[in-house]
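Enquirer: Take this structure first; my questions come after.
Please treat every number below as a calculation from the coordinates, not as lab data. Predicted model only: the values in this text are computed from it and were never measured. All Cβ positions, even for glycine, are placed from backbone atoms using ideal geometry, and neighbour counts span all protein chains on display.
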Amino acid sequence: MGAWDREPWANDSAADWFGDLMDSTSLREQWLAGISADPEEEFEVVRAGAWLFIQLGRTYVWPIENLDDDLERAIAALYAVRGAKEVAEDDELVDAITIEIAELESRR
């Protein structure tokens with residue numbers, strides 16, 4: 001097995017498995033629908049999409065040809081969610097989203 005780090009995705013077998021998963025499902029297409037939803041009307045869905053990207057939006061997991069663009073899409077979506085009226089009224093939720101944004105921005 002070719003392993004280059006200790007993360008669960010950082011080896012040849014896992015990278016191949018994730019590639020097969022992405023190729024054989026419509027995961028990214030479904031993700032795009034969620035992350036592109038209206039952040040005012042469906043902020044929970046948009047945030048859930050951003051969470052999924054926080055988990056899977058990594059080299060060797062996410063389709064590499066889309067990784068950088070989708071990272072920027074997820075960051076922009078979370079900024080929009082953080083600014084949504086209902087979210088902006090909840091300081092703890094704003095703080096949690098700010099942490100999520102920082103996690104994604106650290107991957108630039």
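Enquirer: Go through region 19-76 residue by residue and tally those that are more than 28 Å from Glu89 (Cα to Cα) and not hydrophobic (A, V, I, L, M, F, W, C).
Expert: Total meeting the criteria: 18.
Here is a yes/no grid of residues against (1) exposed (fewer than 11 other Cβ atoms within 10 Å of the Cβ); (2) without any contact (Cβ under 8 Å) to a residue 60 or more places away in the chain; (3) in contact with a strand residue (DSSP E or B) (Cβ under 8 Å, 6 or more places away or on another chain):
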site	(1), (2), (3)
Arg6	yes, yes, no
Asn11	no, yes, yes
Ala14	no, yes, no
Glu29	yes, yes, no
Leu32	no, yes, no
Ser36	no, yes, no
Arg47	no, yes, no
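Enquirer: Working only within region 57-72, note down all residues that are in contact with a helix residue (DSSP H, G or I) (Cβ under 8 Å, 6 or more places away or on another chain) and either within 13 Å of Glu105 (Cβ to Cβ) or touching a residue at least 60 places away in the same chain (Cβ under 8 Å) (or both).
Expert: Gly57, Leu71
Enquirer: For the structure I just gave you, tell me whether Leu52 is of a type outside the set (D, E, K, R) and either under 30 Å from Gly2 (Cβ atoms) or surrounded by fewer than 12 Cβ atoms within 10 Å (Cβ to Cβ) (or both).
Expert: Spelling it out, Leu52 is indeed of a type outside the set (D, E, K, R) and either under 30 Å from Gly2 (Cβ atoms) or surrounded by fewer than 12 Cβ atoms within 10 Å (Cβ to Cβ) (or both).
Enquirer: Sort through Glu100, Glu92, Glu86 and tell me the only one that's acidic (Asp, Glu) and free of Cβ contacts under 8 Å to residues at least 24 places away in the same chain.
Expert: Unique residue meeting the criteria: Glu92.
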